[in-house]
Amino acid sequence: MGQSPKSEFYNENQEGMPFLQGNKTFGDKYPSFELYTTSIKKVAKKTSVLMSVRAPVGDLNIASEDICIGRGICSIDMKNKNNEFLYYLIKANIPQLINKESGTVFGSINKNDIETFEISTPTNLELQNKITFILKSIDDKIHVLKKLNKNL
């Protein structure tokens, strides 16, 4: 779970580490960065799955580099480090996770909600890699088509 540094340590001059407070700069799969911080509290390692834990709950990205994460984000890693598979696995199960959401005005989930969230997963690494390959191929094609549409 993220922990935000004091705002006086934020900057847009690329000083320090890239910082994400929430999902504002989430892309299709990888975030972009507007803010940086020189006061690093919690770090999401490169390839970690990033998930928004405050409204909206459940938006996902993958860390493209080590980044500092604030209160609106959590970082999740698979024990076998197959984080791209984890990204697709969580993405497929977001509706069930959102059911754990609490809060009267803005929904949120907490560390316990995430730690106790159960998902069936194949333990065979080869099968995980096959599933990831197929889904990544589809995502890559979507990315190319979006770029083409933008140029049109």
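Since every read-out is calculated from the coordinates, none of them should be taken as a lab result. These numbers were taken from a predicted model, which means no experiment stands behind them. Please note: Cβ atoms are built from the backbone with ideal geometry, for glycine as well, and neighbour counts cover all protein chains shown.
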Total charge of the residues flanking residue 20 in space, meaning their Cβ is under 15 Å from its Cβ, with Lys and Arg +1 and Asp and Glu -1, is +3
Step through the residues of region 137-143 one at a time and calculate ³J(HN,Hα) from phi using the Karplus curve (6.51 cos²θ - 1.76 cosθ + 1.60, θ = phi - 60°), rounding each to whole Hz and writing x for Gly and Pro.
-> 4, 5, 4, 4, 5, 4, 4
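Using the Cα centre as the reference, give the magnitude of the dipole from point charges on the C-beta atoms of the chain (Lys, Arg: +1; Asp, Glu: -1; all else neutral), rounded to the nearest 20 debye.
Details: 20 positive and 17 negative charges, 32 e Å.
Approximately 160 debye in magnitude.
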The local net charge around residue 3, scoring Lys/Arg +1 and Asp/Glu -1 for residues other than residue 3 whose Cβ lies under 9 Å from its Cβ, equals +3
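Enumerate by residue number the trypsin sites (Lys or Arg not before Pro) in region 19-58 meeting two conditions: DSSP loop (anything except H, G, I, E, B), and at most 15 other Cβ atoms within 10 Å of the site's Cβ.
24, 45, 46
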Using R₀ = 41 Å, calculate the FRET efficiency as 1/(1 + (r/R₀)^6) where r is the Cβ-Cβ separation of residue 14 and residue 123; round to 0.05.
-> 0.50
Semi-axis lengths, Å, the chain, gyration tensor of Cα atoms, sqrt of 5 times eigenvalues = 25, 21, 16
Taking only the alpha-carbon positions of region 9-58 as identical scatterers, the Debye log10 I(q)/I(0) at q = 0.24 Å⁻¹ comes out as -1.01
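Holding the Cα-Cα limit at 31 Å, pick out from 111/147; 41/141; 24/146 the pairs that are longer than that.
In this structure, 111/147; 41/141 lie more than 31 Å apart at Cα.
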Report the chymotrypsin sites (Phe, Trp or Tyr not before Pro) located in region 4-68 that are in a DSSP loop and have at most 16 other Cβ atoms inside 10 Å of their Cβ, or state none.
-> 33
